[in-house]
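Novice: This structure is in structure tokens; I'll ask about it shortly.
The values are calculated or read from the model by the stated rules, or taken from the named source; none is laboratory data. The structure displayed is predicted, hence computed values, not measured ones. Quick reminder, even Gly has a Cβ in these numbers, built from the backbone with ideal geometry, and neighbours come from all protein chains shown.
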Amino acid sequence: MKRSSQTLALLILTLGIIFTSCGPSKKLLSSQSKVEKLKRDSTNAQSQLTDCNEKLKNVIEAKASLQDEYTSLQNKYTSVQNEMKELSAESDMTITDQSKRLKTLQDIIQAQIDIMAKLKNSIADALRAYKSDELSVYIKDGNVYVALQEKLLFKSGSAVVDPKGKEALKSLAAVLNNTKDINVKIEGHTDSIPIKTTLFKDNWDLSTARATSIVRILTIDNGFDPTRITASGRGEFHPVKSNETDIGRSENRRTEIILSPDLNELYKLLYL
């Protein structure tokens, strides 16, 4: 009986120790679980905080980049505005200059027209003693033409100017010598009938020789400036009438004195 009581007491003591040890273990496990959860929550919170900081950093950088881009665009806009103002000012100056230039050109052209009209009238007055079938004076393409027929200047097939022709050229030279800023071109013309003599191989030869004879009379005999005159022969290749009739051929046998205005000032203005 005594042994049974001891055994029972030992059993009760053992169970007490077991139950006593079980209580703290559960609390410890619960605390450990909470600690682990807190650690996880802390890690997640730290990760989220890091993400937020990164996003905030990106936003700040993006804002700075946008600010820089805005400033750059604003500067470009200001630069373009300034360039437009400068171009506008230059354009206004150019238009003004062009208007002045155009006005100057118009004045020069009108002055040349007036000079040539006055010259044509002066020559016509100086040569009014000659008949219309001997010479004519007219304006063509801004130039004054004095067309002298063969009957006034030369015998057939000759380049020697007749006395009557020399008188006409003397009257013409008197007007030309008093007219500045003109150039003179002498053009000889023939009909289409071929010529071949000991002096002239063809109509070109004859037309050139006739033009040269007139140049000598105007310059050597009457003092016209030789630097302002040119001689050329055009043969039968520029007829004014048909060579099929006597009248037509007669009008084609002519010498044209072409008076042109000196356009140097005009050219200078055009190509400035």
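Novice: Whether any residue in the stretch 202-224 is aliphatic (A, V, I, L, M), within 22 Å of ARG249 (Cα to Cα) and not in a helix (DSSP H, G or I) is what I want to check. Outline the logic, then answer.
Specialist: As a first pass, look at the stretch 202-224 and keep what is aliphatic (A, V, I, L, M): 206, 209, 211, 214-215, 217-218, 220.
Then drop every residue that is not within 22 Å of ARG249 (Cα to Cα), which leaves 206, 209, 211, 214.
Subsequent filtering for residues that are not in a helix (DSSP H, G or I) retains none.
Within the stretch 202-224 (the criterion being aliphatic (A, V, I, L, M), within 22 Å of ARG249 (Cα to Cα) and not in a helix (DSSP H, G or I)), the answer is no, since none of the residues qualifies.
Novice: Oh, and also: Just for the stretch 107-142: of the residues that are in a loop (DSSP other than H, G, I, E, B) and among the aliphatic types (A, V, I, L, M), which one is farthest from VAL184 (Cα to Cα)? Before the answer, list the steps.
Specialist: As a first pass, look at the stretch 107-142 and keep what is in a loop (DSSP other than H, G, I, E, B): 127-134, 141-142.
Imposing the further condition that a residue be among the aliphatic types (A, V, I, L, M) reduces the set to 127, 129.
Details: LEU127: 17, ALA129: 23 Å.
Checking each candidate, the answer is ALA129.
Novice: While we're on this one: Would you confirm whether any residue within the stretch 96-113 is surrounded by fewer than 17 Cβ atoms within 10 Å (Cβ to Cβ), in contact with a Leu (Cβ under 9 Å, 6 or more places away or on another chain) and of a type in the set (D, E, K, R)?
Specialist: Among the residues of the stretch 96-113, at least one is surrounded by fewer than 17 Cβ atoms within 10 Å (Cβ to Cβ), in contact with a Leu (Cβ under 9 Å, 6 or more places away or on another chain) and of a type in the set (D, E, K, R), which makes the answer yes.
Novice: Of everything in the stretch 124-152, what is in contact (Cβ under 8 Å) with a residue 60 or more places away in the chain and either surrounded by fewer than 16 Cβ atoms within 10 Å (Cβ to Cβ) or more than 40 Å from the chain's Cα centre (by Cα) (or both)? Give them in sequence order. Break it down into steps so the answer makes sense when it comes.
Specialist: Of the stretch 124-152, the ones in contact (Cβ under 8 Å) with a residue 60 or more places away in the chain are 142-151.
Of everything in the stretch 124-152, those that are in contact (Cβ under 8 Å) with a residue 60 or more places away in the chain and either surrounded by fewer than 16 Cβ atoms within 10 Å (Cβ to Cβ) or more than 40 Å from the chain's Cα centre (by Cα) (or both) turn out to be GLY142, ALA147, LEU148, GLN149, GLU150, LYS151.
Every residue, every condition in (1) at pLDDT below 95; (2) touching a strand residue (DSSP E or B) at 6+ places or on another chain (Cβ under 9 Å), yes or no:
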residue	(1), (2)
PHE200	no, no
ALA211	no, yes
THR230	no, yes
GLY233	no, yes
LYS241	no, no
ARG253	no, yes
ASN264	yes, no
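Novice: Follow-up. Given the residues GLY248, GLY233, GLY223, which is the only one that is without any contact (Cβ under 8 Å) to a residue 60 or more places away in the chain and in contact with a Pro (Cβ under 9 Å, 6 or more places away or on another chain)?
Specialist: Working: GLY233 fails: in contact with a Pro (Cβ under 9 Å, 6 or more places away or on another chain); GLY223 fails: in contact with a Pro (Cβ under 9 Å, 6 or more places away or on another chain).
Of the residues listed, the single one that is without any contact (Cβ under 8 Å) to a residue 60 or more places away in the chain and in contact with a Pro (Cβ under 9 Å, 6 or more places away or on another chain) is GLY248.
Novice: Pairs only if they're at least six apart or on different chains, beta carbon under 9 angstrom, first in the stretch 187-199 and surrounded by fewer than 21 Cβ atoms within 10 Å (Cβ to Cβ), second polar (S, T, N, Q) and in a loop (DSSP other than H, G, I, E, B); list them, first residue then second.
Specialist: That search, which allows pairs on different chains as well, returns SER192/ASN243; ILE193/ASN243; LEU199/SER158.
Novice: Another question about this same structure. Look at LEU199 and say whether it is under 25 Å from ILE108 (Cα atoms), touching a helix residue (DSSP H, G or I) at 6+ places or on another chain (Cβ under 8 Å) and not in a strand (DSSP E or B).
Specialist: Details: under 25 Å from ILE108 (Cα atoms): no; touching a helix residue (DSSP H, G or I) at 6+ places or on another chain (Cβ under 8 Å): yes; not in a strand (DSSP E or B): yes.
So LEU199 fails the test.
Novice: With the requirement that a residue be modelled with pLDDT of 95 or more and in a loop (DSSP other than H, G, I, E, B), what does the stretch 164-193 give you?
Specialist: Within the stretch 164-193, HIS189, THR190, ASP191, SER192, ILE193 qualify.
Novice: Okay, moving on. Among the residues of the stretch 225-235, write down those that are among the β-branched types (Val, Ile, Thr) and part of a strand (DSSP E or B).
Specialist: Going through the stretch 225-235, the residues among the β-branched types (Val, Ile, Thr) turn out to be 227, 229-230.
Listed by number, the residues that qualify are ILE229, THR230.
Novice: While we're looking at this one, here's another question. Select from the stretch 153-163 the residues that are in a helix (DSSP H, G or I) and surrounded by fewer than 18 Cβ atoms within 10 Å (Cβ to Cβ) and list them in ascending order. Let's see the steps before the verdict.
Specialist: Within the stretch 153-163, the subset in a helix (DSSP H, G or I) is 153, 163.
Scanning the stretch 153-163 gives a single hit, PRO163.
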